[in-house]
Structure formats: C-alpha cells, structure tokens
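The values are calculated or read from the model by the stated rules, or taken from the named source; none is laboratory data. Here the structure is a predicted model, which is why all the values come from computation and not from measurement. Positions of Cβ are backbone-derived with ideal geometry, glycine not excepted, and every protein chain shown enters the neighbour counts. Side chains included, ligands, DNA and RNA excluded: accessible areas come from the protein's heavy atoms. Shrake-Rupley method; radii C 1.70, N 1.55, O 1.52, S 1.80 Å.
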Amino acid sequence: MSSALYDIPGPKALARHRLYAWITTALLAALVGWIIYMLIHTAQFESTKWVPFEYQGIQRLLLTGLANTLKAFIWAAVLSLAFGALFAAGRLSEHRVIRWVSTLVVEFFRAMPLLVMIFFIFIALKVEPMMALITGLTLYNGSVLAEVFRTGVNSVSRGQGEAAYALGMRKTQVMTYILVPQAARAMLPAIISQLVVALKDTSLGYLITYEEFLYNGKLIATNLDYDLPFIPVVMVIAPIYIGMCMLLSWFANWLARRERHNPKTKGTPVATTPPQQI
C-alpha cells in the first residue's frame with residue numbers, strides 16, 4: 001500500500017524501472033566482457049603463468065599465508081570484542097572520570113588512521129609484525145565496536161531499565177539480564193559487519209612484512225621467472241578474500257533474519273479466571 005513516503009509505481013513507472021534495469025545490466029555485462037577481453041589480450045590465461053600454482057611449494061606458501069591471515073583475524077576479532085565491551089561499559093558508567101577516560105580512548109582510536117597505528121606500533125615500539133597488526137586492528141575495530149555496543153544498549157527502551165531498578169536490581173544485574181540481551185539482537189549484524197572490515201584490513205600486514213595471504217602472493221609474483229604473473233596471483237587471492245568476506249556477510253544476514261522471524265521472547269497467554277457462582 002502507498003504511504004506518505006512511498007507510492008506504488010504505476011504501469012509507466014514499472015516500464016521505466018525495467019528499462020533502467022536492462023540498461024544497467026547491459027552496461028555491467030559490457031564492463032565484464034571488456035575486462036575478460038583485456039585479460040585475454042594481455043595473455044593472462046597462458047598456461048605458463050598458471051603452471052607455478054601446480055607446485056607444492058607455492059601451494060604451501062599460499063596456504064601458510066591464508067593461515068596467518070586467519071590467525072591474525074581471529075585474534076583481532078576476539079580482542080576487539082573484549083576491548084569494545086570494556087570501553088562500552090566505561091562509557092555507560094555513572095562515574096564521570098571513567099566515562100570521560102573511556103570516551104577519550106574510544107574517540108582517539110576511532111579517529112586515528114589504522115595504517116598509521118600499525119606503522120607506529122611496528123616501527124616506534126619495535127613490535128613484531130604479527131603483534132603490530134593485531135594490536136592496530138584491535139584498537140581501531142574495538143573502538144568502533146565500543147560505540148556499537150553503547151548505541152545498542154541505549155536503543156533499548158528506558159522503561160525496561162527503570163522497571164528493573166524498581167524491582168530492586170543493581171545496575172550490573174540490569175545490564176546483564178535486561179539491557180544487554182535485548183540489545184544483542186540489534187547489534188549482531190553490525191558487529192559481524194565490523195568483523196568483515198577487520199578481515200579485509202588484515203591485508204595491511206603486507207606493508208610491515210607480515211607473511212599473510214597478500215604478502216605471500218606478492219612473493220610468488222616477484223620471485224618467479226614466468227613474466228611476473230601478478231594478475232594470475234591476484235585472480236587466485238582475490239576470490240578467496242571475497243569469499244571469506246561474503247561468508248561473514250551472509251552469516252550477519254542470516255542472524256538478522258533469524259532474529260527477526262524467530263524472536264527469543266514470545267508472549268505468554270494469560271489465563272482467565274472463570275466467573276464465580278453466587
């Protein structure tokens with residue numbers, strides 16, 4: 001049904017939308033076709049550029065890089081969630097000093113470019129590449145998650161907390177049993193979306209010589225005598241990165257649908273008292 005913000009399109013509007021869709025599809029198909037043509041024209045599909053991927057040493061190098069990428073991501077994800085929960089609690093604290101310090105930390109690391117943090121930790125503090133990458137990812141993504149957590153808790157109706165306080169519950173109990181469980185349903189998609197960002201940002205380890213997936217791919221491209229197969233290496237690495245990010249995005253969408261269609265809290269029918277005989 002139409003509303004004040006949206007009107008159902010009529011036959012002419014539907015025809016116009018279909019025309020726009022066909023034009024957009026044709027343009028995208030032409031772009032994909034041009035890219036494939038250029039790859040063929042520059043001989044990117046020649047067998048000599050793909051033979052190296054049959055060697056066990058190169059396969060092992062790629063698998064090692066992928067394992068290092070996942071290792072950095074898992075550590076960064078766990079620590080970011082802990083960092084975010086800690087400083088979100090600090091920003092929600094009733095103590096002014098704790099709230100101000102937490103706000104300063106969160107806003108500072110949110111505003112600081114991630115690459116600058118990683119380079120500072122790696123060069124100035126002389127931290128090994130893996131720890132520098134994990135620390136930078138934790139500080140940045142943890143600060144973003146802290147704001148997600150704080151916003152999620154504040155999105156719960158104020159009456160929920162007031163009712164819990166009226167029952168004599170302490171603030172820790174109110175947060176643990178009332179506010180956080182309700183806010184978690186709204187926060188899950190945003191949390192997982194931020195973890196997708198963390199997964200993609202692990203590729204920045206390439207710049208500080210951390211032997212992750214992209215770095216090992218660069219080693220393959222620059223140390224083989226097969227006309228420097230940069231494009232074949234990218235064509236191998238990119239779909240794996242895209243697949244991992246799409247998997248996390250699909251998981252976020254699945255959680256959102258599950259929580260929307262299968263709420264954990266359902267109404268309980270109230271039993272009625274039969275009328276008494278007088």
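List the relative contact order of the range 49-261 as a percent without decimals, with contacts defined as Cα pairs under 8 Å and 6+ residues apart. Provide the component values of the computation, followed by the final result.
Details: 228 pairs, mean separation 57.4, N = 213.
Relative contact order here is 27 percent.
Does anyone have the angle between helix 96-111 and the longest principal axis of the chain? Alpha-carbon axes, 0 to 90°, nearest 10? Compared with the principal axis, the helix lies near 30 degrees. Spin-label model, Thr176 to Val234: label points 7 Å out along the Cα-to-beta-carbon direction sit 5.3 nm apart.
Give me the extension gain from His95 to Met38: residue separation times 0.36 nm, minus the current Cα-Cα distance, reported in nm with one decimal.
Stretched out fully, the His95 to Met38 stretch lengthens by 14.3 nm.
Classify the chain: rounded, prolate or oblate, from the alpha-carbon gyration tensor (a ≥ b ≥ c, eigenvalue square roots; a/c under 1.5 rounded; otherwise prolate if a/b is larger than b/c)?
Judged from the Cα gyration tensor, the chain comes out oblate (a/c at least 1.5, b/c at or above a/b).
In this structure the range 50-193 gives 56 Å² per residue of accessible area when probed at 1.4 Å with all protein chains present. Shape of the range 140-243 from the C-alpha gyration tensor: prolate (a/c of 1.5 or more and a/b above b/c, with a ≥ b ≥ c the square roots of its eigenvalues). Each residue of the range 72-82 was assigned a 3J(HN,Hα) from its phi angle through the Karplus curve 6.51 cos²θ - 1.76 cosθ + 1.60 (θ = phi - 60°); the sequence is 5, 5, 4, 4, 5, 5, 5, 5, 5, 5, 5 Hz, with glycine and proline shown as x.
The residue among Leu81, Ala124, Leu214 whose Cα reaches farthest toward the positive pole of the charge dipole of the chain, with charges on the beta-carbon of Lys, Arg, Asp and Glu, is Leu81. Quick one: pull the percent of accessible area on the range 49-261 belonging to carbon and sulfur, 1.4 Å probe, ligands and nucleic acids left out. Taking all protein chains in place, the range 49-261 shows 67 percent carbon and sulfur surface. With axes computed from alpha carbons, what is the tilt in degrees of helix 230-261 against the longest principal axis of the chain, rounded to the nearest 10 within 0 to 90? It works out to around 10 degrees. Cα centroid separation, the range 198-216 to the range 11-89: 15 Å. I need the shape label for the range 1-135. Rule: rounded when a/c is under 1.5, else prolate if a/b > b/c, else oblate, with a, b, c from the alpha carbon gyration tensor. It is oblate, given that a/c is not under 1.5 and a/b is not larger than b/c.
Counting lysine pairs in the range 49-261 whose alpha carbons fall under 25 angstrom apart, excluding pairs fewer than 8 residues apart on the same chain, gives 7. Helix 129-154 axis versus longest C-alpha principal axis of the chain: approximately 30°, rounded to the nearest ten. Gain on full extension, evaluated as 0.36 nm per residue between Trp254 and Ala186 minus their Cα-Cα distance, stands at 23.2 nm.
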